[in-house]
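Each reported figure results from applying straightforward, stated rules to the coordinates on display, with no laboratory input. The model shown is predicted, which means the values in this text are computed figures rather than measured ones. Neighbour counts run over all protein chains shown; Cβ positions are idealised from the backbone, glycine included.
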Amino acid sequence: MELLMNERSLLQRRRKIIGQIPKIEECLRGSLVIMKRSCGKLNCRCQKGQKHKAIYLSQSYKGKTRMLYLPQRAEDKAHQYVKNYQKIRSILNSLSDININLLTKRQANG
Ligand SMILES: [Zn+2]
């Protein structure tokens, strides 16, 4: 599809895409895993179905998958940061595709 686009529209797309980059410092690589469990204490709310929630960041690291515990208070930010990371990665892929096109394009008068 992009092979049919001219240089000007490629540059326009590139400019539009970089306007969509989330705050690059607010990124988190990996995915969140929410675990719900009961603690085993009698009379705890978890015995009545309100299980305790624990949040982990699952992340590949040095060829392995590691699970990092995150405190409950970090949950909302962690979700947003993971989303930002994925968005940034997808933007980098799109920019890379556009740049391949720009770099391989013949000059109109060359
Ligand atoms: Zn409990």
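Cβ-Cβ distance of GLN50 and LYS77, R₀ of 30 Å, FRET efficiency by 1/(1 + (r/R0)^6): the value works out to about 0.80.
The lysine pair tally for region 2-104, using Cα distances under 27 Å and a gap of 8 or more places or different chains, is 28. As a calculated quantity, the FRET efficiency between ASN6 and SER90 at R0 = 25 Å, using C-beta atoms, amounts to about 0.55. Take every Cα pair under 8 Å whose residues are at least 6 apart in sequence, average their separation, divide by the length of region 2-104, and the relative contact order is 34 percent. Projecting the Cα atoms of GLN20, SER90, CYS39 onto the charge dipole of the chain (Cβ charges, centred on the Cα centre) puts CYS39 farthest toward the positive pole.
A Cβ-based charge dipole, computed about the Cα centre of the chain with Lys and Arg at +1 and Asp and Glu at -1, lands at about 560 debye.
You can think of it this way: the chain between LEU42 and ILE17 has 3.6 nm of extra reach, that is 0.36 nm per residue less the Cα-Cα gap. Stokes-Einstein, applied to the Kirkwood radius of the chain over Cα pairs at a viscosity of 0.692 mPa s and 37 °C, places its translational diffusion at 187 µm² s⁻¹.
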